[in-house]
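The values are calculated or read from the model by the stated rules, or taken from the named source; none is laboratory data. The structure presented is a predicted model; accordingly, all values stated were derived computationally and were not measured. Quick reminder, even Gly has a Cβ in these numbers, built from the backbone with ideal geometry, and neighbours come from all protein chains shown. For accessibility, only protein heavy atoms count, side chains too; no ligands or nucleic acids. Shrake-Rupley method; radii C 1.70, N 1.55, O 1.52, S 1.80 Å.
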Amino acid sequence: MMARQNPKVRKMLNALTETARVASVIVDGEEAGRILESGSAHYITHPDPEHRYLALDHFVVDHGPFLRMKKTLKRLAMLADFSCSACLWVTLDGLQDKVTPLVQDGAMGRYYRFGCQTVDLTPEMAACLENGEVVVAPEDHRSNTLTVLAPVFDSLGDTVGFVELSAAHPITNKIEPGWD
Amino acid sequence: MAASFELKAAHEWLGHDPFGQPKPSDVSDSPGVVTDAKGAVSLRAARNGYASFRVLVQGAGEYKLSASIRGGLEIDLFKVWYHHIKGKEGGPTTYWPDALIPVRGPKAQQLPDPDNRIDGQTTQEFWVDVYVPADAKPGKASGRVRLAAGGETVSLSVKVQVLDLTIPEEPCVVIDHNSYGCRFLQKFFPKTFGKNPRGERMWNKSIELLHNYHRLVYEHRGLLSNLGYGHSGTYDPIYAPRMEGRGRDKKLVGWELYDKHYGPVLDGSLFATAAPGCPGPRRPAKPVWGVYAPLNPEFPASYLYWGEKAFEVEFVNGVRQFDAHLREKGWTHSKIVFYLNHKKRYRWFGWDGDEVKDIKDMVYQREFVRMWEEGVGDSPVQWVYRMDSSWQMKNLFSMMEGHKNFWVCGGFHRWYPEEIPKLVARGDITWWYNGTPPITAASSMILGLSYETWMRRMHGNCAWLSTNPGPDPWFDSDGGGTGSIYPGERFGIKGPIPSIRLKIERNGIQDIDLVNRAVEAAGNKDAVQEEFKQRIPIELWKKPPRAAVELPPEEWDSRNLREEHEPEAVEQKQLDPAWWQTVRDRALAGEGK
C-alpha cells in the first residue's frame, strides 16, 4: 500500500485505468469469440495429462480476427506514455474458474506463464468478470507489475473476458523481458 | 600419505560414481581399452586435436594431482563434478559425473571432496585431455599423471602414439548448441552481475559472458547459437540496434552494443583468446559459422502495420540498413540467419514461424521471405532463411524450393529418406534438431548427434537448448537434458565450464572429420557408410506411423502419431556403450594418407 502512494505509481495506475476504460468500450467480445477455430477450445477445456502438448498442438486461430485484435491491443498499449503490455483473456464453456489467454502483445504480462493454456481465476479477475468493471490488481505481486483489468463484453452485454494491461512497476525497476 | 591413494585410468566412455562403481549405462560387453599390459595409459592420437581418458583417484585425505607430457604435446586436467539427483518417492540420492572443473596448478584436493558433499566418497574422477598440436612429430610421446600426498607420490604413465594424421581445421558437420537470450546469465552468475543489475554495465557483463560461451563451444569444435528475441518480438539491446521513427523515416540507430557483441564473433577475433579457466586457444581464430539475425515480426517493422504499406516499407528498409551495416563492417564470412521463432500457441501471433503446423500459416512466412529477399537483394552478406520444421516439413520442402533455405528438421525427418538428400543436392543447408542426452544416459550417447548427421549426409545438428543445466545443477540436478555447458561461477570462473558430454562430443566430431576426409579422398563414402550401418544398430530412417500417412499434418498430434514431436533425446537401448569404437578405428586407420 505504501508503494501506491508514490506519485509515479499513482500516475501510471491512472493511465492504465483510463486505457482500461477505453479497452472495455472498444474491444468487441463478439470479435474475440471468432478468434479461436472450432476444435481448439475442446483441447483447452479437456487437457490430456498423458499428452501435455495436445492443446498447444491444436491451437488454431482465424487469422483475420486474431490480427485485428492484436492491432487493437497494440493501439491500446500506445495510449500509455510508458511501455505497456496487453493481453486478451477469455472464458470458455467448460472452463470452470479459469481463463485462457487468446491474444498477447508485449512481454510484461502478470499472469501468463510460458506455454500455459489456462490460468486459475484470481480474485481481481473474478471481480472483473462478475461485475463487468475495471479492476486494479493488487500492487504487491511477485511479477513486479502494475496491472489493470478491463472487462470485455459481447453484444448482449455479458462479460466474456478481460484485457490485462500491465507495465513494469516503477519502483522495482523491472526490465521488460527479452527472453524469459 | 600417497600410499593410501591409488590412481586408475578409465576409458573416456566409462564413467564411475564417487564410490568407484562404473556408471551402469556405460558398462559394455566389449569395453574400450585405455591401458597397456603394464597399466600405462596408451593412446593413439591424430594431430591438431585431442585424445582423452579419465583418471580415478581412490583413497582418503588431502592430495595434489598434476599432469605433464613431452614431445610438444599439452595435457589438461579437469576435476569431475558429481551431480546429485534426488531419488524419486524418497529413494536415495544418486551421483552422476559430468561438469568439468579446470585444474590449474597444484591445488590441494580432498577426498571426500567437501564441496561436492557426498557421504562416504572414496573415488574422485578426473578428465584428462591430451592435446596434440598440428606440428607435433609423429611417433611416441610420454607423460605422467602424478598424485602427491604426505610427501609421497604415486603416478600413472601416459604413452601417446602421435599418428601421421591431421584432423581437418574445419569440422565437416556443424554441431550447434542453442540458447535463448542473455537473461539466464544473471541467474547463473549472480556474483558477476551483483545486486539489481542495470544498464550499460549489465549489458557489458552479458556480452562478456556470452563471448566466453562462444569461446568454450568453438574450442570444442561446435557452434553456439544464441537467439536474441523472444516469442513476443522483444529483444535486449545487445541483439539489435534501436528503431527510431516510423514508415519511410524509420531508422536503425545505436549499434554500439550490437557491434560489441557480434563484431568479435563475426570477424573471428574473439577466438584469439580462450574462455576463463580454459587452456588454449588451440583452434585458429576465425569467424563463426553463423549467427541469428534479430529480424522478427516486430523488428525492424512494427507489426501494427502488418498487411499495410507501412509494414513493407519499414521491413524492407530496415533489412537494407541491417545488411548495409554488416557489409560496412566486413562481416560477410558467416551465415546471417533470418529465423521466425514464434509459435501461435504462445498467443503473440496468430501463425507459426517455428514448426508450422497449419499450412495456411505459410501465407505469412512467404510474405516475410518475399520482403526479406527484396531487402537483401544480391548482397555479399551470407543471408539464409532458417525454417525449423516438423509437422509440415514434407510440404514445405517443395513449397520453399528456390530460396536460400536453411532447414532445421525435427525427428520426423527420419520418415523422409528420399526428400532429405534432395534438399542437400539442391544446395539447401539441412540440419536436424534434438535434445542433449541426460547425464544418466550412456556417456557415448551424445556421439549419436554427429554420427546421425554424417550418416544421413546432413550438414548439422542443433541441440535446442544447451546452456540451461537447471536451477540447481549441482545438488538437485534435473538430469541435464538441456544443458551440457555449466556456469563456472561457483568455482571462481567467470565463464562457462565444459562437461564430459561436451568433451566426448568434440572427440567424436574429430573422428567424423577424419573419416569424412578419408572417404572423400578415397571415393568410398557409400561403402564405409554401409559398413557402419551393418555394425552400428542406430536406425537412421524410419517408417512413418499410419496417422502420418493417412492424415494431414494439421490433424497430427502425439496421441495419434504415438510419437512426441518435442526434441527429447531418445536412448538407443540396443547400442553398446562402446559402439563408437567402430568409428574411432576407422578414423585412426588413415595414418600416412
(message) Whole angstrom only: what separates the Cα centroid of the range B:286-312 from the Cα centroid of the range B:150-220?
(response) 30 Å
(message) What is the angle, in °, between the Cα long axis of helix B:309-329 and the longest principal axis of the Cα atoms in chain B? Nearest 10 is fine, range 0 to 90.
(response) 40 degrees
(message) Need one word for the range B:359-427: rounded, prolate or oblate. Basis is the Cα gyration tensor (sqrt eigenvalues a ≥ b ≥ c); a/c below 1.5 gives rounded, then a/b vs b/c decides.
(response) oblate
(request) Could you name the aspartates and glutamates whose alpha carbon sits less than 14 Å from that of B:Lys422, not counting residues in the same chain fewer than 8 places away? (result) B:Glu401
(request) Specify the longest stretch of chain A that does not include any exposed loop site, a site being one of the trypsin sites (Lys or Arg not before Pro) with a non-H, G, I, E, B DSSP assignment and at most 12 other Cβ atoms within 10 Å. (result) A:1-112
(request) Quote the accessible area belonging to B:Thr440 in square angstrom, nearest 10, computed with a 1.4 Å probe and with ligands, DNA and RNA left uncounted. (result) 50 Å²
(request) Find the sum over both chains of the accessible area lost when A and B are paired, probe 1.4 Å, and report it in Å² to the nearest 100. (result) 3700 Å²
(message) Please report the antiparallel percentage of the DSSP beta bridges confined to chain B, to the nearest 5.
(response) 65 percent
(request) Under 19 Å Cα to Cα from B:Lys137, which aspartates and glutamates show up? Leave out anything in the same chain fewer than 8 places away. (result) B:Glu74, B:Asp129, B:Asp164, B:Glu169, B:Glu591
(request) Enumerate the calculated ³J(HN,Hα) couplings along the range B:496-508 in order (Karplus 6.51 cos²θ - 1.76 cosθ + 1.60, θ = phi - 60°), each rounded to whole Hz, writing x wherever the residue is Gly or Pro. (result) x, 10, x, 9, 4, 4, 5, 5, 5, 4, 4, 4, x
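Can you work out the accessible area per residue across the range B:188-313, with the rest of the protein chains kept in place, probe 1.4 Å, in square angstrom?
Values: 4590 Å² over 126 residues.
Solvent-accessible surface per residue comes out at 36 Å².
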(request) Quick one: what are the phi-derived ³J(HN,Hα) couplings along the range B:398-404, Karplus 6.51/-1.76/1.60 with θ = phi - 60°, whole Hz, x for glycine and proline? (result) 7, 4, 9, 4, x, 9, 7
(message) Between the range B:11-53 and the range B:469-522, what is the separation of their alpha carbon centroids in Å?
(response) 17 Å
(message) What are the ³J(HN,Hα) couplings of the range B:363-373, residue after residue, when phi is run through the Karplus curve with 6.51, -1.76, 1.60 and θ = phi - 60°? Round to Hz, x for glycine and proline.
(response) 3, 5, 4, 5, 5, 4, 5, 4, 5, 4, 5
(request) Could you tell me the distance between the Cα centroids of the range A:40-117 and the range B:126-148, to the nearest Å? (result) 58 Å
(request) Could you check how much of the accessible area of the protein assembly as shown is carbon and sulfur, as a whole percent, using a 1.4 Å probe? (result) 50 percent
(request) Quick one: angle between helix B:199-219 and the longest Cα principal axis of chain B, in degrees between 0 and 90, rounded to 10, please. (result) 60 degrees
(request) At 1.4 Å probe size, with no ligands or nucleic acids counted, give the accessible surface of B:Arg320 in Å², nearest ten. (result) 110 Å²
(request) Could you list, in their original order, any pairs among B:Lys195/B:Lys494; B:Lys344/B:Lys543; B:Lys286/B:Lys335; B:Lys64/B:Lys187; A:Lys71/B:Lys343; B:Lys107/B:Lys494 whose Cα atoms are separated by more than 22 Å? (result) B:Lys344/B:Lys543; B:Lys64/B:Lys187
(message) For B:Val103, what residues show an amide H to amide H distance below 5 Å, using hydrogens built from the backbone and excluding near sequence neighbours?
(response) B:Leu77, B:Phe78, B:Lys79
(message) Please compare each pair in B:Lys86/B:Lys191; A:Lys98/B:Lys357; B:Lys191/B:Lys503; B:Lys205/B:Lys260; B:Lys8/B:Lys86 to a cut-off of 18 Å on the Cα-Cα distance and tell me which ones are over it.
(response) B:Lys86/B:Lys191; A:Lys98/B:Lys357; B:Lys191/B:Lys503; B:Lys8/B:Lys86
(request) Enumerate the amide H contacts of B:Arg44 below 5 Å, restricted to partners 5 or more residues apart or on another chain; note that Pro and chain-start residues carry no placed amide H. (result) B:Gln161
(request) List the residues whose amide H sits under 5 Å from the amide H of B:Ile497, counting only those 5 or more places along or on another chain, with H placed 1.01 Å from N in the peptide plane. (result) B:Tyr486, B:Gly488
(request) Check the straight Cα-Cα distances from B:Lys251 and name the aspartates and glutamates below 18 Å, setting aside those fewer than 8 residues away within the same chain. (result) B:Asp236, B:Asp259, B:Glu298, B:Glu312, B:Glu314, B:Asp323, B:Glu328, B:Glu374
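Please report the net charge: other residues with Cβ closer than 13 Å to the Cβ of B:Val376, K and R +1, D and E -1. Walk me through the intermediate numbers first.
Working: positive: B:Arg320, B:Arg327, B:Lys335, B:Arg370, B:Lys404; negative: B:Asp323, B:Glu373, B:Glu374, B:Asp378.
Here the count lands on +1.
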(request) State whether the range B:287-412 is rounded, prolate or oblate according to the following rule on the C-alpha gyration tensor (a ≥ b ≥ c being the square roots of its eigenvalues): a/c under 1.5 gives rounded; otherwise a/b larger than b/c gives prolate, and the remaining case gives oblate. (result) oblate
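Let me check against my output: what whole-number percent is the relative contact order of chain B, with C-alpha pairs under 8 Å and at least 6 apart? Kindly include the intermediate steps, with their values, before the conclusion.
Numbers: 1247 pairs, mean separation 94.7, N = 593.
The value is 16 percent.
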(request) Quick one: compute the contact order of the range B:390-515, relative version, from alpha carbon pairs under 8 angstrom and 6+ residues apart, as a percent. (result) 20 percent
(message) No solvent, one uniform scatterer per C-alpha: report log10 I(q)/I(0) for the protein assembly as shown via the Debye equation at q = 0.05, 0.09, 0.10 1/Å, two decimals.
(response) -0.28, -0.90, -1.09
(message) I'd like to check one number: the per residue accessible area of the range B:1-155, probe 1.4 Å, reported in Å² as a whole number.
(response) 45 Å²
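Does the range B:172-248 classify as rounded, prolate or oblate by the C-alpha gyration tensor (a ≥ b ≥ c root eigenvalues; a/c under 1.5 gives rounded; else a/b over b/c gives prolate, otherwise oblate)? Please report the intermediate quantities before stating the final value.
Numbers: a/c = 2.33, a/b = 1.21, b/c = 1.93.
Cα axes put the range B:172-248 in the oblate bin.
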(request) In debye, nearest 20, what is the charge dipole magnitude of the protein assembly as shown about its Cα centre with +1 on Lys and Arg Cβ and -1 on Asp and Glu Cβ, if you could check? (result) 2400 debye
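Relative contact order, percent, of chain A when contacts are C-alpha pairs under 8 Å separated by at least 6 residues?
Numbers: 329 pairs, mean separation 48.4, N = 180.
It rounds to 27 percent for chain A.
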(message) Suppose we keep just the DSSP beta bridges with both residues in the protein assembly as shown; what percent of those would be antiparallel, to 5?
(response) 70 percent
(request) Sort largest first and round to whole Å: the equivalent ellipsoid semi-axes of the range B:67-225, each the square root of five times a Cα gyration tensor eigenvalue. (result) 32, 27, 17
